[in-house]
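In what follows, a single structure is set out as structure tokens and then discussed.
The values are calculated or read from the model by the stated rules, or taken from the named source; none is laboratory data. Everything numeric here is computed off the predicted structure, so don't read it as measured data. Counting neighbours? That spans all protein chains shown, and the Cβs are built from the backbone with ideal geometry, glycine included. Ligands, DNA and RNA are stripped out before the accessible areas are found, and what is left, the full protein with its side chains, is counted by its heavy atoms. Shrake-Rupley method; radii C 1.70, N 1.55, O 1.52, S 1.80 Å.
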Amino acid sequence: GTLTGSNKVPRGLILVPLIHEGRVLGAMSAQSYRIEYDPDHMEFLSAIASQAAIAIRNAQMYKQTQEIALTDYLTGMGNSRRFNLALQSAIEVAEESQRELSLLLIDSDSLKSINDRFGHRAGDLHLQRLAQVIRESIREDDMPFRYAGDEFVVILPKSGIEDAVQVGERIRHGIEVHRFEWSDTLVLGSTISVGAAAFHPGMTADA
């Protein structure tokens, strides 16, 4: 790698790996333009690196735990907690910037009948396919979430109701033409219901 800072060639240079439980997380470097480092310096920096590695790993694990708590296990989308946080943030941005903001609410019409006829594994696959179609149908800035059960929501920043309806229709059509197969031979037709709502200044998330 390259050293940042001065372009001068240092007299002393120490590079210490940041290791936590046998796993290298990165490296720490120190350089001096006045002295050459000795073993005491090396020992001191190694002690700092050891503590830094623990702190970095703890921060990584905390972030991963937070990520898991805000993610739906089945679809990999954000869950209702993440949706509530994202919607509140999107409303604040829309209020401040006076930009449009819309929301799509999507329900599967078919989950109950699929569960009843073929079991919950088939139902889970149906939800995963629905999530896939939603992802493929939305735009880069749009944010999809699995709210609960067979309910999905999409936040559409900078989008009015007409844009939201267009995206919703893409999703609806994508599900309509999507071949859902179970047990290799059976092909099921499935449908969804989609609603669109637009934000107006002063509206709350609940509204």
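The set of residues in the stretch 50-87 that are within 23 Å of residue 143 (Cβ to Cβ), open to solvent by less than 70 Å² (accessible area, probe 1.4 Å) and not hydroxyl-bearing (Ser, Thr, Tyr) comprises 69, 70, 72, 74, 76, 77, 78, 79, 82, 83, 86, 87. Scanning the stretch 16-26 for residues that are among the aliphatic types (A, V, I, L, M) and open to solvent by 70 Å² or more (accessible area, probe 1.4 Å) yields 19, 24.
For the stretch 39-49, the criterion of being polar (S, T, N, Q), open to solvent by less than 60 Å² (accessible area, probe 1.4 Å), touching a strand residue (DSSP E or B) at 6+ places or on another chain (Cβ under 8 Å) and more than 20 Å from residue 154 (Cβ to Cβ) is satisfied by at least one residue. Against the condition open to solvent by 80 Å² or more (accessible area, probe 1.4 Å), out of contact with any Phe, Trp or Tyr (no Cβ under 8 Å at 6 or more places or on another chain) and closer than 30 Å to residue 69 by Cα, how does residue 142 come out, does it pass? No; evaluated as a whole, the condition is false for this residue.
Looking at this structure, is residue 108 among the hydroxyl-bearing types (Ser, Thr, Tyr), surrounded by 14 or more Cβ atoms within 10 Å (Cβ to Cβ), more than 19 Å from the chain's Cα centre (by Cα) and farther than 19 Å from residue 207 by Cβ? Yes. Based on this model, can you work out whether residue 129 counts as assigned to a helix (DSSP H, G or I), buried (at least 17 other Cβ atoms within 10 Å of the Cβ), modelled with pLDDT under 95 and basic (Lys, Arg)? The answer is yes for residue 129. When the residues of the stretch 190-205 are filtered to those that are assigned to a strand (DSSP E or B) and of a type in the set (A, V, I, L, M), the one that is surrounded by the fewest Cβ atoms within 10 Å (Cβ to Cβ) is 197. Residues in the stretch 153-185 that are aliphatic (A, V, I, L, M) and touching a residue at least 12 places away in the same chain (Cβ under 8 Å): 153, 154, 155, 156, 161, 164, 165, 167, 171, 175.
Of all residues being over 23 Å from residue 79 (Cβ atoms) and not acidic (Asp, Glu) in the stretch 147-171, which is modelled with the lowest pLDDT? Just the residue, please. By that ranking, first place goes to 158.
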